[in-house]
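Down below is the structure, laid out as structure tokens.
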Ligand SMILES: CC(C)(COP(=O)(O)OP(=O)(O)OC[C@H]1O[C@@H](n2cnc3c(N)ncnc32)[C@H](O)[C@@H]1OP(=O)(O)O)[C@@H](O)C(=O)NCCC(=O)NCCS
């Protein structure tokens, strides 16, 4: 599947400068993405606006990452993972292929996500379990 970049406001030179590897001919990347050193993004993904791909994270094939999401340093997202808008995947977490991280949820550092995480949830541990939900006012939408 070939997905062209939608808003290529990140240049190849900027990608090279941080020694990241983005399969850009096969990615759709929204505006405002912040990309840090050592990031690898495999083909077929759709990355929204204002997403942070932090140091050394890896994003495998056909991921969908919503607007304003933050993929923290050292995170590994397996193939076909979905990360909802505004979600934080904490430092060093691992998300198994095809899992869904709900919008405005927080996955704790070091977590291993075996099951889908609902929207607005805070999930920690190995395997990741929900410990609480963020307040609706803060999340800005219905819990899922
Ligand atoms: C998950 C997280 C958001 C929770 O933060 P919080 O709501 O302030 O939670 P608390 O610190 O009150 O901890 C609540 C409980 O979860 C536990 N906990 C918190 N984070 C944890 C983690 N990453 N792994 C395992 N347990 C964790 C605490 O020990 C505590 O347990 P207790 O109730 O038995 O004492 C936060 O701990 C975290 O991991 N953030 C990731 C930060 C990050 O990676 N930022 C990106 C930097 S670039």
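A few remarks follow.
- Among beta bridges identified by DSSP and lying wholly in the range 12-139, the antiparallel ones come to about 10 percent.
- When the Gaussian network model of the chain links Cα atoms closer than 10 Å, the mean-square fluctuations of 69, 49, 17 top out at 17.
- Full extension of the chain segment joining residue 19 with residue 132 gains 37.0 nm, where the gain is 0.36 nm per residue of separation less the Cα-Cα distance.
- Helix-only arithmetic for the chain: the sum of -39500 (n - 2.57) across DSSP H runs with n ≥ 4, divided by the residue total, places the mean residue ellipticity at 222 nm at -1500 deg cm²/dmol.
- Whole-number percent relative contact order across the chain, with pairs defined as alpha carbons under 8 Å at least 6 apart: 12
Since every read-out is calculated from the coordinates, none of them should be taken as a lab result. Here the structure is a predicted model, which is why all the values come from computation and not from measurement.
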